[in-house]
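Q: My structure is below; once you've seen it, I'll send some questions.
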Amino acid sequence: MSDWLDFAGVRSTSLGVYVLEYPPITMPKERAEFTPAPGRSGSLTILEDDGVYDDITLTIKCAMRSLSTLDQVTGWLRGRGALVMGNLPNRYYDARNINQIELAKVLPGSAYRTFPAVFRCKPYRYLYPALTLTPASGDTLTNPGNI
């Protein structure tokens, strides 16, 4: 497994940031309302629409040894962009970094500092790099994903 993440086109290792732990692969929650119905077992399920999901939050545990790139790292981990992780290098999330970064020493006297990079992502993983096709009339396109 690789120890990197790429956010907004910048690979973490170019700034001295390495991934210690990736988040679990998460399936988004379907947006639905459950209402108990009198005289009926279970509940009535009302979907907002077919295939409507909530955003997901991904927390990536990172480490950096040198604080010399701290300003670049905190500038990089702002805003919105494509998030590619080393454990899923052929997929990306449409993500926004949503956390305040607090660096913690791993052990007293250690130069390594850890921090969580927290991203709020759209509920889909997209093919990376994205396909760019211009189909001719009569061509068939096959979706490699599930949506």
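The values are calculated or read from the model by the stated rules, or taken from the named source; none is laboratory data. Values in this document were obtained by computation on a predicted structure and should not be read as measured data. Cβ sites come from the backbone with ideal geometry, for glycine too, and all protein chains shown count toward neighbours. SASA here: full protein model, heavy atoms, side chains in, ligands and nucleic acids out. Shrake-Rupley method; radii C 1.70, N 1.55, O 1.52, S 1.80 Å.
Q: Regarding segment 58-76, can at least one residue be identified that is open to solvent by 70 Å² or more (accessible area, probe 1.4 Å), charged (D, E, K, R) and in contact (Cβ under 8 Å) with a residue 40 or more places away in the chain?
A: Yes, there is a match, as at least one residue in segment 58-76 is open to solvent by 70 Å² or more (accessible area, probe 1.4 Å), charged (D, E, K, R) and in contact (Cβ under 8 Å) with a residue 40 or more places away in the chain.
Q: Of everything in segment 26-45 that's farther than 30 Å from ARG125 by Cβ and of a type outside the set (S, T, N, Q), which residue is least open to solvent (accessible area, probe 1.4 Å)?
A: ALA37
Q: May I pose another question? What pairs can you find where one residue is in segment 2-16 and surrounded by 16 or more Cβ atoms within 10 Å (Cβ to Cβ) and part of a loop (DSSP other than H, G, I, E, B), the other is at pLDDT 95 or above and hydroxyl-bearing (Ser, Thr, Tyr), and their Cβ atoms are less than 8 Å apart, with a gap of 6+ or different chains?
A: ASP3/THR13; ASP3/TYR18; TRP4/SER12; TRP4/THR13; TRP4/TYR18
Q: Kindly provide the set of residues from segment 80-127 that are in contact with a Ser or Thr (Cβ under 9 Å, 6 or more places away or on another chain), closer than 15 Å to ARG11 by Cα and open to solvent by 20 Å² or more (accessible area, probe 1.4 Å), ordered by number.
A: ASN87, PRO89
Q: Please find, within segment 46-57, the residue that is surrounded by the fewest Cβ atoms within 10 Å (Cβ to Cβ) out of those that are under 25 Å from the mean Cα position of the chain (by Cα) and among the β-branched types (Val, Ile, Thr).
A: The selected residue is VAL52.
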